[in-house]
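First comes the structure, then the notes that go with it.
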Amino acid sequence: MVGKYEVITLCGSTKFSKHFIEQQKRLTLEGKIVVSVGFFENDSEVITKEQIIMFDDMHKRKIDMSDRIFVINVGGYIGSSTRSEIDYALQTGKVVDYLVKPNI
């Protein structure tokens with residue numbers, strides 16, 4: 001291996017697919033390994049409740065594999081699923097960065 005690359009998981013509403021793609025490209029060009037979602041909300045797939053539970057768990061495993069997360073919170077929007085991912089990341093000692101600085 002040539003270098004040690006930081007691993008970043010993207011989190012946020014999948015309705016912001018354009019922003020996910022932009023941030024994935026930006027972070028990759030900065031030399032980061034980027035882990036993202038498997039599909040976007042505007043995909044035409046029908047998703048079951050069981051799959052939603054599975055996707056939530058899978059995303060938390062992605063967070064486990066990461067050094068940090070990057071929250072794509074367009075306009076400051078953070079939904080309940082993203083909030084649970086942020087809370088999980090913080091509980092597991094991960095650094096959390098945001099597209100838009102949150103009003104805390």
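The values are calculated or read from the model by the stated rules, or taken from the named source; none is laboratory data. Every value quoted in this text rests on a predicted model; they were computed, and no experiment measured them. Neighbour counts run over all protein chains shown; Cβ positions are idealised from the backbone, glycine included. Note: accessible area is taken over every heavy atom of the protein model, side chains too, but ligands, DNA and RNA are not part of it. Shrake-Rupley method; radii C 1.70, N 1.55, O 1.52, S 1.80 Å.
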Query raised in the report: Here are some conditions: (1) open to solvent by less than 20 Å² (accessible area, probe 1.4 Å); (2) over 25 Å from PRO102 (Cα atoms). ILE52 meets all but one. Which one does it not meet?
Result: (1)
**Report entry** Lone unmet requirement of (1) out of contact with any Cys (no Cβ under 7 Å at 6 or more places or on another chain); (2) surrounded by 12 or more Cβ atoms within 10 Å (Cβ to Cβ) for ASP57
**Finding:** (2)
Report task. Kindly provide the set of residues from region 69-104 that are charged (D, E, K, R), touching a strand residue (DSSP E or B) at 6+ places or on another chain (Cβ under 8 Å) and more than 21 Å from LYS18 (Cα to Cα), ordered by number. Result -> LYS94
**Report entry** Filter result (among the polar types (S, T, N, Q), under 12 Å from the mean Cα position of the chain (by Cα) and surrounded by fewer than 17 Cβ atoms within 10 Å (Cβ to Cβ)) within region 61-104
**Finding:** SER81, SER84
Query raised in the report: If you take the residues of region 4-44 that are surrounded by fewer than 16 Cβ atoms within 10 Å (Cβ to Cβ) and small (Gly, Ala, Ser), which of them is nearest to ILE78 (Cα to Cα)?
Result: GLY38
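Which of the residues spanning region 69-87 are of a type outside the set (A, V, I, L, M) and closer than 14 Å to GLY12 by Cβ? First the steps, then the outcome.
Start the filter on region 69-87 by keeping residues that are of a type outside the set (A, V, I, L, M), which leaves 70, 73, 75-77, 79-85, 87.
Those that are of a type outside the set (A, V, I, L, M) and closer than 14 Å to GLY12 by Cβ: PHE70, ASN73, GLY75, GLY76, TYR77, GLY79, SER80, SER81, THR82, ARG83, SER84, GLU85.
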